[in-house]
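**Q** Structure below; questions to follow.
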Amino acid sequence: MYGGFPAEAEPDGAVFGPHHFYLGVLLILLVCWIFHDADDETGPWGIAGLTFLSVFWFALTWPYYPEVGAAGVLASLGVATFAAMRPRWWRYGVVPQTALLLGLFVAWDDALSHAFGWWTPLDSLWARYLHPYVSDPYVPEEVRLPEGVRLPAEVRLPFDLKALVAEQVGRALAVVPL
């Protein structure tokens, strides 16, 4: 913890870790890419540019200048949110608007969590449901395939599948900031 604004000097101690901020950004950019009209010069370039700018503030500025990086992320996401409310998005229908706003919600959730130290809805979901499941995975003693499904003779399963899966899950979780 950093103690002021922002609440963390570097988000989770690793800006290139698996933050859900990046998932929100990817959804925003995907919606902008899908609904880009080559004949329309205005396009969703404002939202896409602001989203890229928020990634710049989050990943490349926040670790070195925490106050500036956090403020930049919040400002660029704020302007992108206002841009998403423009009537331009109304003509595409409810699904693209919802996907765009969902991406903004996910990005906002992580940014607010790291900037202010607030316990956000997606952090609660992670802590209550997902983290206990992935931190203590159930691995069956033996592999059972559905009836009628057979592996080719040249395919060999590892000798100790339980140890292999437990080792790989441990390695995967080692990169997740807890």
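**Q** In a Debye calculation with equal point scatterers on the alpha-carbon sites of region 65-137 and no solvent, what is log10 I(q)/I(0) at q = 0.20, 0.27 Å⁻¹?
**A** -0.90, -1.13
**Q** Rounded to the nearest 0.05, what FRET efficiency do residue 131 and residue 154 have when you use their Cβ-Cβ distance and R0 = 30 Å?
**A** Efficiency, from the Cβ-Cβ distance: 0.20.
**Q** Let me ask another. HN-Hα J couplings of region 94-106 from phi, Karplus 6.51/-1.76/1.60, θ = phi - 60°, integer Hz, Gly and Pro as x?
**A** Calculated HN-Hα couplings, in order: 6, 5, x, 4, 5, 5, 5, 5, 5, x, 5, 4, 5 Hz.
**Q** May I ask you to rank 10, 154 by accessible area, largest first, using a 1.4 Å probe over the protein chains only?
**A** Output order, biggest surface exposure first: 154, 10.
The values are calculated or read from the model by the stated rules, or taken from the named source; none is laboratory data. This structure is a prediction, so every number in the text was calculated from the model and none was measured. In this analysis, Cβ positions are derived from the backbone assuming ideal geometry, glycine residues included, and neighbour counts consider all displayed protein chains. Ligands, DNA and RNA are excluded from the accessible area calculation, which covers all protein heavy atoms including side chains. Shrake-Rupley method; radii C 1.70, N 1.55, O 1.52, S 1.80 Å.
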